[in-house]
Amino acid sequence: MKKYSVFLFIISLVFSACTERSTNTKVASEPGRTYSANSNMMMSNTSSMSKELREIDGFDETGGERYAEIDENPFLETTHAPLSTFSVDVDTASYSNVRRYLNDGQMPPKDAVRIEELINYFEYDYPQPMGNLPFSVNTEVAICAWNPKNKIVSIGLQGKKVSLEDAPPSNLVFLVDVSGSMNKPDRLPLVKQGLKFLARQLSTKDRVAIVVYAGKSGLVLPSTGDEREILDSLDNLEAGGSTNGGEGIQLAYKVALDNFIPEGNNRVVLATDGDFNVGLQSDDELVRLIEAKRRSGIFLSVLGFGTGNTNDSMMEKLADKGNGNYAYIDSQTEARKALGEQAAGTLVTIAKDVKIQVEFNPAKVAGYRLIGYENRLLANKDFKDDRKDAGDIGAGHSVTALYEIVPAGQTIENDGIELRYSKTEPSESNFSGELLTVKLRYKEPNANESKLLTQGLLDEENSFENASDNLRFASAVAGFGLVLRDSRYKGNATYGKISHLAQNSLGSDLKNYRRDFLDLVRKANAIKN
């Protein structure tokens, strides 16, 4: 009866809105005017109605925010699964989203915590690549901080730094959500600030167009290299109306194609809270569109804003399929970091379809567990398949992956069950000194065939205290994620222990991001206790 009453209430609201429907849609292309897309239209998509019902009836346990479920990687036996293959991930959205929750005095939902994105939010002191390589490969092993019986292996990639002045010319389309849900201080006003940071980093060879979408989509600013016009057009954006994200994306891609720069950086930058009802037939159709445009050389980056109705899972998926990165902007400081300081990494791809395959030596490793990257796993056969899409690395980006490994001779436990045949004794072989081999495949930005890099890692009895700041700080962040998720693999990790680990591995920390991490750990501890 309650659901039926709610349904009637919504129907009455919808018909009321229809009687007062406005057809006023202000979309213009000249600077100095106010741009919005305002149309209080009746919801024609049944998914919109069901979404309203779900939120009112409390169906969504995260209060309207949507996160993809994460099933943590288990320990695998080396004798049965000697290979581990995954795609790199340079997204950082999870960290700033977790920070937003903690700053609001709340613990984040466990599925909002993607540990690889927490780790990769930070810069690490990896060396720049040699020669013409797009990135350096750095490996290290030490005792695991939260389980001293095991070891932790770090694989770090450091992308070549490229200034935007030296980068290929950019053809950018800012696709801005100006629907009614964006009419809050942490949404459209922050979008404007962030995109201004980005626009100010561009050079005279770069061009920007602005497309908005709400009830209808429209071209606000045709492609131009005039910074003043870009900034003025951003200033004049206003929010209002319902949302049709799919229609806006189609128009943005058309504008990008019309201004396509061969051998250049052609990219749509989507700024939204993710709360859109796609104008296409389904989410799958939207994904197929983005994949097709990616293959044509137009990439998609996604910037998430706002609280309460964040569609995190959709935004991550779109960026993944569009060969772009996904950042969540929770403050002006984060906008400056992602779109000012790290603009080159956001805009300039130095290597695409980057895949990592690790082969573990069973004489040294009884079992292993990849920490994070659950939604980036690949089949082993996909490593050599150049048709298989994978993540990209932007200029100056670093990517770190951690494995917890069980030394040969130790017992592997999965869900508390001892495996009888997992105790393997170390044996001598031609490769007995090697712990593992890291293989990487990548393509140059405009190439279709991948290149192979291979690097081995020798086994070392390295204490955690003697490890580099890179490994120790990455371990602290990973441990933080394990505790936030209340992971069955967290071992003896606690917020107090994580704080101690981070405090002793701050490194140079010129911009205080690592010190800010310490504050987050303390906040999480205070909220939990």
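The values are calculated or read from the model by the stated rules, or taken from the named source; none is laboratory data. No experiment lies behind these values; they were computed from the predicted model shown. When we count neighbours, we look across all protein chains shown, and the Cβ atoms used for this are built from the backbone with ideal geometry, even at glycine.
Observations on the model:
- Scan of the range 216-228 for residues that are surrounded by fewer than 22 Cβ atoms within 10 Å (Cβ to Cβ), more than 19 Å from residue 163 (Cα to Cα) and either not aliphatic (A, V, I, L, M) or not assigned by TED's automatic domain parsing to the domain that holds residue 253 (or both), ordered by number: 216, 218, 222, 223, 224, 226, 228
- Take the conditions (1) in contact with a Lys or Arg (Cβ under 6 Å, 6 or more places away or on another chain); (2) at pLDDT 90 or above; residue 287 misses just one of them, which is (2).
- Here residue 297 fits the description: in contact with a strand residue (DSSP E or B) (Cβ under 6 Å, 6 or more places away or on another chain), under 19 Å from residue 264 (Cβ atoms), modelled with pLDDT under 95 and surrounded by fewer than 24 Cβ atoms within 10 Å (Cβ to Cβ).
- Those residues of the range 73-108 which are closer than 22 Å to residue 314 by Cα and without any contact (Cβ under 8 Å) to a residue 12 or more places away in the chain, in sequence order: 101
- Extreme residue, nearest to residue 132 (Cα to Cα), among residues of the range 151-168 that are part of a strand (DSSP E or B) and among the aliphatic types (A, V, I, L, M): 157
- Every pair of residues 6+ apart whose Cβ atoms lie under 8 Å, when the first sits in the range 493-518 and is in contact (Cβ under 8 Å) with a residue 60 or more places away in the chain while the second is aromatic (Phe, Trp, Tyr) and not in a helix (DSSP H, G or I): 493/146; 497/146; 513/121; 513/122; 514/122; 517/122
- Residue selected from the range 164-215 under the condition within 19 Å of residue 315 (Cα to Cα) and acidic (Asp, Glu), by the criterion surrounded by the fewest Cβ atoms within 10 Å (Cβ to Cβ): 186
- The single condition among (1) surrounded by 22 or more Cβ atoms within 10 Å (Cβ to Cβ); (2) at pLDDT below 95; (3) among the hydroxyl-bearing types (Ser, Thr, Tyr) that residue 313 does not satisfy is (1).
Conditions (1) under 15 Å from the mean Cα position of the chain (by Cα); (2) among the aliphatic types (A, V, I, L, M); (3) under 21 Å from residue 93 (Cα atoms), marked per residue:
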position: 336; (1), (2), (3): no, no, yes
position: 345; (1), (2), (3): yes, no, yes
position: 360; (1), (2), (3): no, no, no
position: 373; (1), (2), (3): yes, no, yes
position: 405; (1), (2), (3): no, yes, no
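- Restricting the range 504-515 to residues that are under 26 Å from the mean Cα position of the chain (by Cα) and surrounded by fewer than 14 Cβ atoms within 10 Å (Cβ to Cβ), the residue that is nearest to residue 103 (Cα to Cα): 515
- Of the numbered criteria (1) under 30 Å from residue 226 (Cβ atoms); (2) touching a Lys or Arg at 6+ places or on another chain (Cβ under 6 Å); (3) not hydroxyl-bearing (Ser, Thr, Tyr), the one residue 168 fails is (2).
- Failed criterion for residue 454 (all others in (1) out of contact with any strand residue (DSSP E or B) (no Cβ under 7 Å at 6 or more places or on another chain); (2) more than 21 Å from residue 72 (Cα to Cα); (3) not in a helix (DSSP H, G or I) hold): (1)
- Looking only at the range 114-142, and only at residues there that are assigned to a loop (DSSP other than H, G, I, E, B) and within 11 Å of the chain's Cα centre (by Cα), the one that is surrounded by the fewest Cβ atoms within 10 Å (Cβ to Cβ): 121
- If you check 370, 377 for being surrounded by fewer than 20 Cβ atoms within 10 Å (Cβ to Cβ) and modelled with pLDDT of 95 or more, only one passes: 377.
- Scanning the range 181-230 for residues that are acidic (Asp, Glu) and part of a helix (DSSP H, G or I) turns up 227, 229.
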